[in-house]
Amino acid sequence: MTSLMVLLEAAVDYMPIGKGIAAIGAGIAALSAGIGIGNIGKNAMDAIARQPEAAGDIRSNMIVIAALIEAVALFAAVICLLAIFL
């Protein structure tokens, strides 16, 4: 029981550091999503330039993948914000 109390006290002492790391994690999640969606757009434009008749299929796939990346980034940001405020 005593070792549990020591661990709990140590966790309270490092709480501000954990909140700062959670904030950095939210920023990294947003930055990573921006980079990922940018790469999707770049590659989609290259594919459309090579094969213009497939533009509709490429565009629809690009939108679906971008939405999935955005959902994962939003989920990561919400988890980081929960870690900061709770």
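Some points to look at:
- FRET efficiency estimate (nearest 0.05) - Cβ-Cβ, Phe75 to Ala10, R0 25 angstrom: 0.30
- Each Lys and Arg adds +1 at its Cβ and each Asp and Glu adds -1 at its Cβ; summed about the Cα centre, the chain shows a dipole of about 140 debye.
- Structure-derived Rg and Dmax of the Cα atoms in Å: which label, when the choices are (1) 21.5, 75; (2) 22.5, 67; (3) 20.5, 70: (3)
- Comparing Ala26, Ala49, Ala73 in a Gaussian network model of the chain, where Cα atoms under 10 Å apart are tied by springs, the biggest mean-square fluctuation is seen for Ala49.
- Think of the chain as having a plus end and a minus end, set by charges on the Cβ of Lys, Arg, Asp and Glu; of Met15, Gln51, Val64, Gln51 sits farthest toward the positive end of this dipole.
- Within the chain, the selection of entire DSSP H helices by a Cα span of 30 Å or greater along the long axis and an average Kyte-Doolittle value of at least 1.0 returns 55-85.
- Relative contact order of the chain, defined on C-alpha pairs under 8 angstrom at six or more residues apart (%): 50
Any read-out appearing in this document is the output of simple, stated calculations on the displayed coordinates, not a laboratory observation. Owing to the predicted nature of the structure, the values given are computational and were not obtained by experimental measurement. For neighbour counting, all protein chains shown are included, and Cβ atoms are generated from backbone atoms with ideal geometry for every residue, glycine included.
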